[in-house]
């Protein structure tokens with residue numbers, strides 16, 4: 001197959017998530033879990049020359065892994081929107097991706113499933129710090145409930161600068 005294209009600036013915008021990150025999170029009480037604090041470790045890696053970014057996410061509460069996810073971000077040129085496919089330890093297969101756009105330094109993505117609507121917002125304070133907020137509206141409801149919020153900082157480089 002000879003088809004070949006190159007990622008656009010819109011694709012490369014997702015590189016903001018690349019690298020290794022440490023996070024502090026606040027978990028809201030929900031049908032899935034109790035209220036509390038958590039820590040998170042994330043790593044983001046570009047795929048296929050920059051068309052996609054895979055993010056690995058691990059949340060820890062009380063010394064044990066409480067939630068894990070693999071997030072695949074992309075840009076869909078056909079509708080000019082960003083997409084997020086999430087596969088996680090809750091086990092639900094995503095029927096469709098979350099979809100949205102950047103508004104300044106904030107990427108907002110919405111997803112609808114049989115359980116309801118989910119909104120995820122990623123706001124970059126700068127290239128080394130971003131905030132995430134996830135909220136959920138149950139099917140048949142117009143009320144939004146916070147699920148998790150966090151602040152993530154780029155992890156210090158573990159490589160030596162000595163040469």
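The values are calculated or read from the model by the stated rules, or taken from the named source; none is laboratory data. It should be emphasised that the depicted structure is a prediction, and the values quoted were computed from it without experimental measurement. Virtual Cβ from ideal backbone geometry, glycine too; neighbours counted across all protein chains shown.
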Quiz item: Which condition breaks for residue 114 when tested against (1) free of Cβ contacts under 8 Å to residues at least 60 places away in the same chain; (2) more than 23 Å from residue 33 (Cβ to Cβ)?
Solution: (2)
Quiz item: Inside the stretch 10-38, can you point out the residues that are closer than 25 Å to residue 83 by Cα, exposed (fewer than 14 other Cβ atoms within 10 Å of the Cβ) and at pLDDT 95 or above?
Solution: 24
Exercise. Tell me, yes or no, whether the stretch 21-37 has at least one residue that is without any contact (Cβ under 8 Å) to a residue 40 or more places away in the chain, farther than 22 Å from residue 101 by Cβ, touching a strand residue (DSSP E or B) at 6+ places or on another chain (Cβ under 7 Å) and assigned to a strand (DSSP E or B).
Key: yes
Quiz item: Which one of the conditions (1) over 26 Å from residue 36 (Cα atoms); (2) touching a residue at least 60 places away in the same chain (Cβ under 8 Å); (3) buried (at least 17 other Cβ atoms within 10 Å of the Cβ) does residue 127 fail to meet, given that it meets all the rest?
Solution: (3)
Practice problem: Exactly one condition in (1) under 18 Å from residue 154 (Cα atoms); (2) out of contact with any strand residue (DSSP E or B) (no Cβ under 6 Å at 6 or more places or on another chain); (3) surrounded by 16 or more Cβ atoms within 10 Å (Cβ to Cβ) is not met by residue 51; state its number. | Solution: (1)
Exercise. Please give the number of the condition residue 98 fails out of (1) farther than 21 Å from residue 144 by Cα; (2) within 12 Å of the chain's Cα centre (by Cα).
Key: (1)
